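Contents: one structure, followed by commentary.
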């Protein structure tokens, strides 16, 4: 992408219950308003009524790949974030960004883990994840073979 080019962000939102949380709507509206400041445009795509969230996300990914959007931003229908957070995630200079959200339990602790360690952390926002589109050859060179 050339310097100064407008980025196109596809916001992919799986919605099982046919209800979008009001706070999610406000967050998406704030994110769209941040477009002028951070030089991006939003396109929002919903996948409604699929109880298998992984299948809904796969369908949304296929829809993203059929567009000319530069970034894919997954967010669930009950997740919200503060003003400025969307722009910070979108402009973070890496290929993949993930925001954590509090567990739906007493105390609302956050748990971040990987294969080597597990820890809890304080994160000042909630969201989901953003992927930057890369040419197929750059992805293929980093891909690990899958098992049959």
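Would you check which residues across the range 61-72 are outside any loop (DSSP other than H, G, I, E, B) and crowded, with 18+ Cβ neighbours inside 10 Å and list them?
Within the range 61-72, 64, 71, 72 meet the criteria.
Every residue in the range 9-23 that is over 13 Å from the mean Cα position of the chain (by Cα) and either surrounded by 15 or more Cβ atoms within 10 Å (Cβ to Cβ) or in a strand (DSSP E or B) (or both), please.
15, 16, 20, 21
Kindly indicate the residue of the range 73-114 that is modelled with pLDDT of 85 or more and part of a strand (DSSP E or B) and also nearest to residue 39 (Cα to Cα) among those meeting that condition.
73
Check residue 84 against each of (1) in contact (Cβ under 8 Å) with a residue 40 or more places away in the chain; (2) on the phi < 0 side of the Ramachandran plot and name the one condition it does not meet.
Of the numbered conditions (1) in contact (Cβ under 8 Å) with a residue 40 or more places away in the chain; (2) on the phi < 0 side of the Ramachandran plot, the odd one out for residue 84 is (2).
Of the numbered conditions (1) buried (at least 16 other Cβ atoms within 10 Å of the Cβ); (2) within 18 Å of residue 99 (Cα to Cα), residue 47 satisfies every one except a single condition; which is it?
All conditions are met except number (2).
Does residue 54 satisfy the condition of being surrounded by fewer than 16 Cβ atoms within 10 Å (Cβ to Cβ) and outside any helix (DSSP H, G or I)?
Answer is no for this residue.
Any chance the range 25-45 includes a residue that's over 23 Å from residue 92 (Cβ atoms), over 17 Å from the mean Cα position of the chain (by Cα) and either in a helix (DSSP H, G or I) or free of Cβ contacts under 8 Å to residues at least 60 places away in the same chain (or both)?
No, because not a single residue in the range 25-45 is over 23 Å from residue 92 (Cβ atoms), over 17 Å from the mean Cα position of the chain (by Cα) and either in a helix (DSSP H, G or I) or free of Cβ contacts under 8 Å to residues at least 60 places away in the same chain (or both).
The values are calculated or read from the model by the stated rules, or taken from the named source; none is laboratory data. These numbers were taken from a predicted model, which means no experiment stands behind them. Note that we place each Cβ from the backbone using ideal geometry, even for glycine, and neighbour counts take in every protein chain shown.
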